[in-house]
1. Six or more apart or on different chains, Cβ under 7 Å: which pairs go from a residue in the stretch 108-119 that's assigned to a helix (DSSP H, G or I) to one that's of a type in the set (Val, Ile, Thr) and surrounded by 13 or more Cβ atoms within 10 Å (Cβ to Cβ)? Could you list them?
2. Working carefully through the options SER244, SER285, find the one that is of a type in the set (Ser, Thr, Tyr) and part of a helix (DSSP H, G or I).
3. Considering only residues that are within 12 Å of ligand 2 (Cβ to nearest atom) and touching a Phe, Trp or Tyr at 6+ places or on another chain (Cβ under 6 Å), which ones fall in the stretch 252-305?
4. Every residue in the stretch 133-149 that is of a type in the set (A, V, I, L, M) and more than 9 Å from ligand 1 (Cβ to nearest atom), please.
5. Residue check: is LEU366 more than 16 Å from ligand 2 (Cβ to nearest atom), among the aliphatic types (A, V, I, L, M) and at negative phi?
6. Hey, does the stretch 261-270 have a residue that's in a strand (DSSP E or B) and among the aliphatic types (A, V, I, L, M)?
7. Name the residues in the stretch 159-181 that are exposed (fewer than 14 other Cβ atoms within 10 Å of the Cβ) and assigned to a loop (DSSP other than H, G, I, E, B), would you?
8. Among the residues of the stretch 329-341, is there at least one that is assigned to a loop (DSSP other than H, G, I, E, B) and exposed (fewer than 13 other Cβ atoms within 10 Å of the Cβ)?
Amino acid sequence: MSAFPEISKIQYEGPETKNPLAYRWYNEDEVIEGQTMKDHLRFSVVYWHTFRGSGLDPFGAPTMVRPWEDGTDSVENAINRARVAFEFMEKLGAPYYAFHDRDVAPEGATLAESNQNFDAVAAVLKEEQERTGVKLLWGTANLFSHPRYLHGASTSCNADAFAYAACQVKKCLEVTKELGGVNYVFWGGREGYQNLLNTDMKRELDHMATFMHLAVDYAKQIGFTGQFLIEPKPKEPTKHQYDSDAAACINFLRAYDLTDAFKLNVETNHATLAGHTMMHELEYSGMQDMLGSIDANTGDLMLGWDTDQFPTNIYLTTECMLSILKFGGLAPGGVNFDAKVRRESFEPMDLFHAHVGGMDAFARGLKIAAAIRADGEFDGFVKERYSSWDRGVGADIESGAAKFTELENYMLEKSEISQNVSGRQEMLEHLMNRYL
Ligand code: XUL
Ligand code: CO
């Protein structure tokens, strides 16, 4: 039985169509810079928001109308939901999905029962993956919702919480491997602190690193070859999350010798919560060869929290795609819509509108970014801006030939620096609009 009988497979109809449930830009087989749009973008649907989001907020009850749900936390309901999820992804034409262990299967009364529930649903996920060709972009364990993790998981003051979390990650790695997942994500849900007066920060960070090493070791042991990803976020739920931004994550990974196994999963709304733009986070990760995947969403500039809205702003998606193309793409990562329909968009149909809009915004961003790159005006400007480093004293500094003494001799002779040139921000912002 179909959960979305009124929707057939979403088609590419081109920029002129007025059909809101058609792609105007996302033409999956269209080749851009030598690769299909499908392979550039590697779109992924998240299980937690799209199939588990209820519309609950701190002020009100759930609002989502989901006729396929029977209202219980049973494995049967979870299996039925899994079939609906795959009907949705198939109709959307999204090649990937991502989940937390507890989104797809209910937590049981014991760890053993939770693992059994997970296995039962995973068998159906596998069957549906084979039926539809939709693949798993990444799995992750939810180490933040259950009260046992109120002080964190790997960074908890309670060693038992670490041990329990290890069991969850062990199981989730096994299932992710079984389902052919191409990445595995760590988002440090409650890995941070609320108050330094009760916190041994050094010990907590040491434990977090130990946890990640144990996961990497276990992945090797079972032959899981997916890419490990760490997802920066500065706050929410804790006041300070240890993985606060790309720079903090990379520093953590370096300090604890984890850079070989990990890259970053960069999320737009987390970037802005950290006081950065998404482009900043992408550039910072990319320049250190640490860009792995993105959680594509957006915040609301009027609100100060993680609203996880679907991205529709073409300027934003263009900036994302400029960075992503610059650093050679995301694979095996992807563009994962860690985004939710808002509480007022409660009908099943809204899930389609949200994803079609997000995918089209990214497809258009990709096309615009490719056009910008083909013209090369920005690249040319930046190259020229730094041209003093290509010759003379600049080249000598970069090569290491010029030390302080040589630089002193150089400047004593020259007496003043050569003239500065305008940064031309306004001209460049105007130039950007030419492509939009
Ligand atoms: C939370 C968040 C998570 C991670 C996966 O802000 O982004 O959903 O993406 O745990
Ligand atoms: Co996320």
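The values are calculated or read from the model by the stated rules, or taken from the named source; none is laboratory data. Quick caveat: nothing in here was measured; it's all calculated off a predicted structure. Glycine gets a Cβ as well: all are built from the backbone with ideal geometry, and neighbour counts include every protein chain shown.
1. Correct list of pairs: ASN117/VAL75; PHE118/VAL175.
2. That would be SER285, the only listed residue that is of a type in the set (Ser, Thr, Tyr) and part of a helix (DSSP H, G or I).
3. ALA296
4. Once the filter is applied, which keeps residues that are of a type in the set (A, V, I, L, M) and more than 9 Å from ligand 1 (Cβ to nearest atom), the stretch 133-149 yields VAL134, LEU136, LEU137.
5. yes
6. yes
7. GLY180, the sole residue that qualifies.
8. No, the conditions are met nowhere in the stretch 329-341.
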